[in-house]
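Values quoted throughout were computed directly from the atomic coordinates according to the rules given, and no laboratory measurement underlies them. Just so we're clear, the structure is a prediction, and the values are computed from it rather than from any experiment. Cβ placement follows ideal geometry from the backbone for every residue including glycine, while neighbour counts extend to all protein chains displayed.
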Amino acid sequence: AKQKMNDTLLDLLDVAAAANLQARYLLCDKWFANPVTIFAIRDKGYEVICMLKNSSTYYLYKGERRKLSQIFRMCAKEERLQRKLDRKAGNDDSKGRKFLFSAAISLINKDEKPNQESKIVFVRNRNKKSGYLAILCTDNSLSEDQIVEYYCSRWGIETMFHTCKSFLRLQKSTQSLDYSEIHASTAIVMFQYAMLSWLNRQNSDEIGFGELFYQLLEEVQDTALFHAIELVLTLFVETLASEYAMPPGKLNEAMNKFLKQLPERLKTCLDLAA
């Protein structure tokens, strides 16, 4: 509680590694998107995908130090000129202005270590020409769509905070100034959110569908059982016909007597299967 949040992030990564939690990418918000923290995360063996804020941070782009806003304007200008050239050449298959494009940059390291080659994906605001979001990824093998898709995975954190603050009274659940009481109150709210998430998963999530999933699973098991019984009865009839040379009429009469003595549910299923 007393140390800087970037240092706390690195300590939590050590805790996750000690718990043997396997991950390749670390998704983080713009508050952790400074080069010093990104280099420290990379030293721990994780690739970083993070939102960037329009600050005074410089990035190495085309051999020169540039701010994020300058890189965006250069990329947007290049994209606009390329569309004009494509239209003149008759090769323009696009539907207008691109809303997703990337730039290859390098994070500037102030230490003796080499700079970190990275990729910035710009997502334009469709309603504001100069508006954009910028996402940085240290793994250059990922495409623009993959980087955006991976980063969207952390949006669940934002919805969690919104739910806890707006509906579970996270900020107003206690007025105490004691750290232990604040910690206990936050833990209770997190437990409440976990229970609500579990109930939502049981009743509406497409992965489980709650009770419906188990009912369908039982139906599949019953179907497999009825099919097995049908195969056994078929084998039984074929064996009697071949061993004792019973007339078909007698054989069918004996089988019908046997089927009539079965439970109604099993008898119905076997009749449908037949």
Order by neighbour count: Ser180, Ser69, fewest other Cβ atoms within 10 Å first, most last. Ser180, Ser69
Is the shape of the range 5-148 rounded, prolate or oblate, going by the alpha carbon gyration tensor and its root eigenvalues a ≥ b ≥ c, with a/c under 1.5 for rounded and a/b larger than b/c for prolate? prolate
FRET E, pair Ser173, Arg73, Förster distance 30 Å, beta-carbon r, rounded to 0.05: 0.10
Loop only by DSSP, 16 or fewer other Cβ within 10 Å of the Cβ. Give me the trypsin sites (Lys or Arg not before Pro) in the range 143-176 that pass, ordered by residue number. Arg154, Arg169, Lys172
Reachable lysines from Lys110, criterion Cα separation under 29 angstrom, eight or more residues apart if same chain: Lys2, Lys4, Lys30, Lys44, Lys53, Lys62, Lys67, Lys119
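Mind ranking 132-145, 187-200 by how tightly packed they are, going by the mean number of other C-beta atoms within 10 angstrom, highest first? List each step's numbers first, then the result.
Values: 132-145: 17.2, 187-200: 13.1.
The densest-packed peptide leads the list: 132-145, 187-200.
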Can you give me the Cα centroid spacing of the range 3-18 and the range 47-108 in angstrom? 33
